[in-house]
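For reference, the structure is listed below as structure tokens.
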Amino acid sequence: MALLLLATRPSTALRDWAERRLKWAPLRDAAYGAAYSAAGWLLTLPLAVYQGFVREHAYGMATQSLGAWFGEQLMGLGVAVVAGALLVAALYAVLRRAGAQWWLWGTGVTMAFVTLTIVIAPVWIEPLFNTYRPVPDGPVKTAVLAMARANGVPVDNVYVFDASRQTTRVSANVSGLFGTAAIRLNDNLLERSSEAEIRAVMAHEIGHYAMNHIPKTLIMLTGVAMVGFLLSQWAMRRLLQRYGARWRLRPELGVADVASLPLLAAVFSTYLLLATPVLNTITRTQETEADLFGLNLAREPHGEAEALLKLTEYRKPEPAGLEEFIFFTHPATRTRIHHAMRWREQMLSGAPP
Ligand SMILES: [Zn+2]
């Protein structure tokens, strides 16, 4: 995608057009960022159709018609265009002034943007795609509220969202940060699961909150991003020297030329691809922590195991060790069930230690 944008006219033509028409530099960068996001959406659309629609239907997980699915992709495009405009405007305002320290400032802007996205997602982005409603009064709600409050989660209600609109997947999540933090379950979980399973799953989610997994992830991601920007600085200097003229970039601007964004994105994406095992190990470690926290809180090892078995509808239960290390955001289901049974054996059955 980057190569196509760099080697053909539209990228630099857009930069030149924006320079002629728009007086204020951040507005020019925002226009470029919006167009770049839209181009990215369009060029990756075939892959999105395959991954998000064709393959989901092939596995019987999707519940949407092509029209409804595509409507959501268009909403996603809207979000991406706004986000792309804001991020590129902020990033290049900083890159123009930062000089040799641009990797440090780039990390700062990127992480501020990621943090802001996490804060606003439950309020402004996720409600675009799903409806969130309070769980009806009853034993499930009472049990989840009690577990949440006992562990310092500031909840006034338990929310369920209509994931069945898109998928048959059973799931729950913790989302948001600071005042927008919330724990929600999806309607597939609520409808298909026993009270013990729901308590087990929600205790796991409460664990993510109670152990501050979102702020901790943000701190670790800052380190990952910093290394990425440092490597990008090294790579960009060489790539711009070698190919800058061929791609009609402006060597005197270096990375501050907004038309070099596709190259920076390509370099940074390559780094993130190589960092996949690191990123997945960060989340996989937290998932193991949340599992143990959830077992201790809900005390429902069978509920946990039953819920985990439902996840095998969409998650390979017994990956090879290396496969798990590289690709898995969660521990192997087999391992997680083993943890639940180990907990049961030690804590409930009266077995000697
Ligand atoms: Zn989790």
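So here's what we get for this one:
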| quantity | calculated |
| --- | --- |
| Accessible surface of segment 58-217 [probe 1.4 Å, protein heavy atoms]: carbon and sulfur percent | 66 |
| Spatially proximal lysines relative to LYS216 (Cα-Cα < 30 Å; intrachain offsets below 8 disregarded) | LYS141, LYS310, LYS316 |
| Helix-only CD estimate at 222 nm, as mean residue ellipticity for the chain, using -39500 (n - 2.57) per DSSP H run (n ≥ 4) | -21500 deg cm²/dmol |
| Mean accessible surface per residue for segment 255-349, computed with a 1.4 Å probe while every protein chain stays in place, in Å² | 48 |
| Contact order normalised by residue count of segment 160-260, Cα under 8 Å, 6+ apart, percent | 18 |
| Antiparallel DSSP beta bridges within segment 1-212, percent to nearest 5 | 75 |
| Principal-axis tilt of helix 261-274 within the chain, Cα atoms, nearest 10 degrees | 30 |
| Relative contact order of the chain, pairs being alpha-carbon contacts under 8 Å that are 6 or more residues apart, as % | 17 |
| The chain: angle of helix 213-243 to the longest principal axis, Cα-based, in degrees nearest 10 | 30 |
| Global geometry of segment 1-212, whether rounded, prolate or oblate, following the gyration tensor of its Cα atoms and the 1.5 cut on a/c | oblate |
| 0 to 90° range, to nearest 10: angle between helix 301-311 axis and the chain longest Cα axis | 40 |
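The values are calculated or read from the model by the stated rules, or taken from the named source; none is laboratory data. Small disclaimer: the values here were computed from a predicted structure and weren't measured. These area figures cover heavy atoms from the full protein model, side chains too; ligands, DNA and RNA do not enter into them. Shrake-Rupley method; radii C 1.70, N 1.55, O 1.52, S 1.80 Å.
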